[in-house]
Amino acid sequence: MIFFIDVAVIFALIAGIWQFREPRQAKFGNLTAAGALTCAFLLVLYRHEIMDMGIVIASLLVGGLTGFAVARSVSMIQIPAMVAFQHGAGGAAAFVVSLVELTRATNTLDEVSEISGVIGLTIGAVTFSASMVASAKLSNRIRQTPHILKAHNYLLSIALGGLFMVGVSSFYSSTSDMALILYLVQILLSVFWGILFSIRIGGADMPVLISLLNAAAGLAASFCGVVTGSQLLIAFGATVAASGSILTHVMCKAMNRNLFRVFFPEQKRPMDIPEKDERSSTLLSAPASEDAEASAVVQGLKKAATAILNAETVIIIPGYGMALANAQMNVAELAQWMVAMGKDVKYAIHPVAGRMPGHMNVLLAEAGVDYDMLIEMETINFDFRYTDLVLIVGACDVVNPAAIDVENTPISGMPILMAHQAKQVVCCNFDDKPGYSGVENSLYKNCNTIMLPGDAKKTINQLLASLSDQQHKAPNVKVSALYLMDG
Amino acid sequence: MANLLLMTGVFIASFIVGTLLISKVPSLLHTPLMSMTNAISAVTILGALILFSVETSVVEKVLGALAIITASFNVVGGFAITDRMLRLFKEKRTNEQSPY
């Protein structure tokens, strides 16, 4: 009977995930999953007599209310940092539960539970520390560029060997005091390993790291379930592990990276090239100090405005640079303006645009863009050759034709958005330096590319002003009326 | 031994079903998906609850409370943020789109 109730709850969870195939139903899917988890919680309450109800309720309130308050206040650009932080909290819970179960004198564990306990302890602690580092990196509390120690790979391998040794010896330890000390050493070593592991991963590889941590948190929960003898925990954890693994795979494929190489890069990667994304702080002063350059900018803006006015089909390619310049709203405004002019406007979303899988979609949704305008890479890549104008905002590597044309670069073979096939390209990037990969972008030098260097927010605003200026010279009543209605 | 087999079975079955379902999720929803599964991974809260099902020492009480706090932070925050995110996804607005 117990087994069937458990299965029913697991099915409820699966039904929740099932509804994630469609944006409209996903909201109910989320609620269904939350309901399934609540049922599981109530089942455990019903089956076990809880001794310290006061402590349990107080802790629930503290954790729950904090979680809710934080979830209400974060902005969408902070989502990756927030999710990473929550992964860390989940990992911490997993290793604490494993530790208590392992060291508790009142119950004797069988061998399987003991081994799972040690594994749960290790994975939980690694997830905890690695997630905290990832979260700090994503929220810019520590530098996003990779921190590489001397002999980083050796340190990691030695620490890994140490984890294995301590784990095994805790299993064979004779006294419970000895075992406790070994468990604590294991936790410290795991925390150290997690830090070492994630500190080396740079900003653009974060989607892979965060997906892997997702899988690790699920795995830790599963092992925790073996120790506590709860099938619900095992099943829920396994589902999360599956999800994290799939997302990790998807991200690696989209970046053309081998999972192993993301986490254990060859030591001589060209890291001295400054990362494009990191320059957000210096965005304010665009290189427009001299008159000649200023007039070049004005010329570029005029050309771009004309190109936009003449285009019938437009594809916008947003990159993380757009989010850094906080230009989502402005881009959405420009897009809406173009739609009001009767143009066909779509957004092309590269899978790794942003800092976690699918991040760009959420950022644009926040800016009020309808989700049916957001087109995945595989679908939209056929459309570029029939497109009059491509508008790139803060994206570099994902539109670099070198991925196709040039061999032996870090991005060779990486799937890209075929922006170079469009009739004209307007590029609102900060500058024309290479992106994260360090590979020169040949698209910038094409004769049909108009470069508008500078802060994307400013550029888009200038572009909008310039457009309405040109429109006033040739007024189109119907269009203006439509636009006014929208604004 | 039978117990081990059952647990392994539950793990493998859930992993396979999860894989099949999640590979159907469009990349549009990957962020909410991860945020939701993140909340689900805080299912360790069940384990933390079970810790309190027997007589506990002071240290165990403190650790158990810590586990419940972190896990409930994760679970409530995860579902709340996913809900917020999914509410942002809007379909076509009222204004006319050009025929495609």
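The values are calculated or read from the model by the stated rules, or taken from the named source; none is laboratory data. What you are looking at is a predicted structure, and each value in this text was computed from that prediction instead of being measured. Here the Cβ is made from the backbone with ideal geometry for all residues, glycine too, and neighbour counts use every protein chain on show. Note: accessible area is taken over every heavy atom of the protein model, side chains too, but ligands, DNA and RNA are not part of it. Shrake-Rupley method; radii C 1.70, N 1.55, O 1.52, S 1.80 Å.
All distinct Cα pairs of the range A:329-487 go into the 1/r average, and the inverse of that average, the Kirkwood radius, is 16.7 Å. Between A and B, roughly 8900 Å² of accessible area is buried in total, ligands, DNA and RNA not counted and the probe set to 1.4 Å.
What is the pair-distance distribution P(r) of the range A:78-263, computed from all Cα-Cα distances in 10 Å bins starting at 0, with each bin given as a whole percent? Reading upward from the zero bin: 10, 36, 35, 16, 3, 0. Starting from a Cα-only point model with no solvent, please compute log10 I(q)/I(0) by Debye for the range A:82-190 at q = 0.14, 0.15 1/Å. Cα-only, vacuum Debye calculation for the range A:82-190: -0.62, -0.70. Accessible surface computed residue by residue for the range A:58-120, with neighbouring protein chains in place and a 1.4 Å probe, gives 37 Å² per residue. The spacing between the range A:307-375 and the range A:117-141, judged by their C-alpha centroids, is 33 Å.
Shielding by partners for peptide A:337-343, expressed as the average number of C-beta atoms from other protein chains within 10 Å of each residue's C-beta, is 2. For the range A:342-417, dividing the convex hull volume of the Cα atoms by the residue count gives 108 Å³ per residue.
Here's the picture: charge each Lys and Arg Cβ at +1 and each Asp and Glu Cβ at -1 in chain A, and of A:299, A:417, A:242 the one pushed furthest to the positive end of that dipole is A:299. Sparsely packed loop sites in chain B (the GluC sites (Glu not before Pro) outside DSSP H, G, I, E and B with at most 13 other Cβ atoms within 10 Å) comprise B:55, B:91, B:96.
How many partner chain Cβ atoms sit within 10 Å of a residue's Cβ in peptide A:41-54, on average, as a whole number?
Whole-number average of other-chain Cβ neighbours for A:41-54 is 4.
Using Cα-Cα distances under 8 Å and only pairs 6 or more residues apart, what relative contact order does the range A:293-486 have, in percent?
Relative contact order of the range A:293-486: 25 percent.
Accessible surface of the range A:293-486, 1.4 Å probe: 56 percent of it comes from carbon and sulfur atoms. Overall, the accessible surface of the range A:96-169 at a probe of 1.4 angstrom is composed of carbon and sulfur to the extent of 67 percent.
Show me the ranking of peptides A:454-462, A:437-445, A:162-170 by mean Cβ neighbours inside 10 Å, starting with the highest.
A:454-462, A:437-445, A:162-170
Taking label positions 7 Å along the Cα-Cβ direction at both residue A:51 and residue A:329, the computed distance is 5.5 nm, reported to one decimal. Extent along the principal axes, Cα only, for the range A:162-246: 46, 34, 14 Å, with the longest axis given first. Computed from the C-beta positions of residue A:173 and residue A:378, the FRET efficiency with R₀ = 35 Å rounds to 0.05. Averaged over peptide A:22-35, the number of partner chain Cβ atoms lying within 10 Å of each residue's Cβ comes to 6. The rule of thumb for compact globular proteins, 2.2 N^0.38 Å, goes into the C-alpha radius of gyration of the protein assembly as shown 1.04 times.
Taking label positions 7 Å along the Cα-Cβ direction at both residue A:465 and residue A:160, the computed distance is 5.5 nm, reported to one decimal.
Across the range A:31-115, the volume of the C-alpha convex hull divided among the residues equals 140 Å³ per residue. In the range A:78-263, Cα pairs under 8 Å separated by at least six residues give a relative contact order of 28 percent. Translational diffusion of chain B, estimated by Stokes-Einstein from the Kirkwood radius over alpha carbon pairs at 25 °C in a medium of 0.890 mPa s, is 144 µm² per second.
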